[in-house]
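Below is one structure, written out as structure tokens, with a few remarks after it.
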Amino acid sequence: MAGFADPDHLIMSVRSAAARAGANIALVKYWGKRDPALNLPAAGSISITLDALQTQTRLEPDPGLAGDLLQVNGQDLPSTRVSQVLDLMRALAGGGPHFRVSSRNNFPTGAGLASSASAFAALVVAADQALGLALSATRLSALARRGSGSAARSLFGGFVEMHPGQAESGDDAVATALAGSEHWPLAVVVAVTDPGPKAVSSTEGMQRTMQTSPYYPAWVASVEQDLSEARAAILGRDFQRLADVAEHSALKMHASALAARPGLLYWNAATLLCMERIRTMRAAGTAVFFTIDAGPQLKAVCLPDDAAAVAAALKAIDGVGQVIVSSLGAGAEVLA
Ligand code: DP6
């Protein structure tokens, strides 16, 4: 019988597959882990999925390979984290060949623009298809989390909540959809102040904050309150309330990182000018707020009608290069 124990059958039934996923931007930040090995977050987070910042990933099975090969934007890269996730998925399939993985981002990679989030979400969706697993989005979210915590959220579109879970296995540390993009079509304006790769990765920055920042316990203890405020603001489409809690969460995350030893300073001069500009615009009546991740880019969230004005204001700032305007997008999906 040609069952799962037959390696030839296994390899023949594995096919090429491709998937796409959008980056996501957290409005209530994830910063710290309860279990680094399983990559379980210490607290929940809430994000929006973007449609303009995309990763497309193609998997080609190749039984002749001794290990998975990874290319990102045409450049060969070490495949360690990608292989770890693919190993988990091959195990679920009862085995499977190595893959040539080629991934393309249409935005600067590794510069605090959440490229790992869209990359691992696209990877697990493509691998699910290639291996014929047909896993639920929830299970794929847990697998994407093993690659990068924020990737668990890019499985879903619109407004998304990541749950820290309680199980030791981490099976309940998954994201769920909070509301679709049609619920509240916000716009995001990304001001790129430095297109180069970031100096300290999120993983390393979180670890240093957990180990050395006296503010880390206060940060973790306060996330639950921010989550309930953000949830209520999103469900009630209350922009002022969302602006207030999202800026609070971002600044508090950075405050905890700044207090690490040595301190983590992800901003540059242009980031600060952007923050000031957004606050001035808000004081003058534009519904807009900012958020910043583990890099110097600033992301402004506003209503679609104000996106052009916000983009023009940020573009005029000394040190701002590319400005990307995005609406909210769909969750990760298979490409034909
Ligand atoms: C600041 O998901 O990149 O963007 O799980 O270690 O891969 P790892 O971290 P990652 O961290 C994202 C941190 C953040 C905030 C957020 O997206 O919630």
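The values are calculated or read from the model by the stated rules, or taken from the named source; none is laboratory data. From a predicted model like this one, the values you see are computed outputs, not experimental measurements. Note that we place each Cβ from the backbone using ideal geometry, even for glycine, and neighbour counts take in every protein chain shown.
Please work out which one of (1) of a type outside the set (Gly, Ala, Ser); (2) in contact with a Ser or Thr (Cβ under 8 Å, 6 or more places away or on another chain); (3) under 30 Å from residue 286 (Cβ atoms); (4) more than 14 Å from the ligand (Cβ to nearest atom) is the condition residue 184 fails and give its number.
Against the list (1) of a type outside the set (Gly, Ala, Ser); (2) in contact with a Ser or Thr (Cβ under 8 Å, 6 or more places away or on another chain); (3) under 30 Å from residue 286 (Cβ atoms); (4) more than 14 Å from the ligand (Cβ to nearest atom), residue 184 comes up short only on (2).
What is the one condition in (1) within 19 Å of the chain's Cα centre (by Cα); (2) touching a residue at least 12 places away in the same chain (Cβ under 8 Å) that residue 229 does not satisfy?
Result: residue 229 fails condition (1) only.
Considering only region 138-155, how many residues are near the ligand (Cβ under 10 Å from one of its atoms), surrounded by fewer than 24 Cβ atoms within 10 Å (Cβ to Cβ) and of a type in the set (Lys, Arg)?
Final tally of qualifying residues: 1.
Among the residues of region 14-51 satisfying the criterion of being within 11 Å of the ligand (Cβ to nearest atom) and basic (Lys, Arg), which is nearest to residue 327 (Cα to Cα)?
So the residue we want is 29.
For a quick check of your reading: which strands (runs of 3 or more DSSP E) sit entirely within region 256-336 and have at least 1 residues that are touching a residue at least 40 places away in the same chain (Cβ under 8 Å) and in the same structural domain as residue 217 (by TED's automatic domain parsing)?
The qualifying strands (runs of 3 or more DSSP E) are 288-291, 298-302, 323-327.
May I ask you to verify whether residue 95 is touching a helix residue (DSSP H, G or I) at 6+ places or on another chain (Cβ under 8 Å), of a type in the set (Gly, Ala, Ser) and part of a loop (DSSP other than H, G, I, E, B)?
Considered against the rule, which asks whether it is touching a helix residue (DSSP H, G or I) at 6+ places or on another chain (Cβ under 8 Å), of a type in the set (Gly, Ala, Ser) and part of a loop (DSSP other than H, G, I, E, B), residue 95 comes out as yes.
Counting only residues that are β-branched (Val, Ile, Thr) and assigned to a loop (DSSP other than H, G, I, E, B), how many does region 43-90 have?
Total satisfying the criteria: 0.
Kindly check whether there is at least one residue in region 229-243 that is assigned to a helix (DSSP H, G or I), closer than 23 Å to residue 313 by Cα, within 16 Å of the ligand (Cβ to nearest atom) and in the same structural domain as residue 291 (by TED's automatic domain parsing).
Yes, region 229-243 contains at least one residue that is assigned to a helix (DSSP H, G or I), closer than 23 Å to residue 313 by Cα, within 16 Å of the ligand (Cβ to nearest atom) and in the same structural domain as residue 291 (by TED's automatic domain parsing).
Of the residues that sit in region 192-219 and are under 18 Å from the mean Cα position of the chain (by Cα) and farther than 25 Å from residue 322 by Cα, which one is surrounded by the fewest Cβ atoms within 10 Å (Cβ to Cβ)?
204
Take the residues in region 122-137 that are in a loop (DSSP other than H, G, I, E, B) and under 20 Å from residue 97 (Cβ atoms), then tell me which one is farthest from the ligand (Cβ to nearest atom).
132
Condition check: part of a loop (DSSP other than H, G, I, E, B) and under 25 Å from residue 35 (Cβ atoms). Does residue 143 satisfy that?
No: the conditions fail for residue 143.
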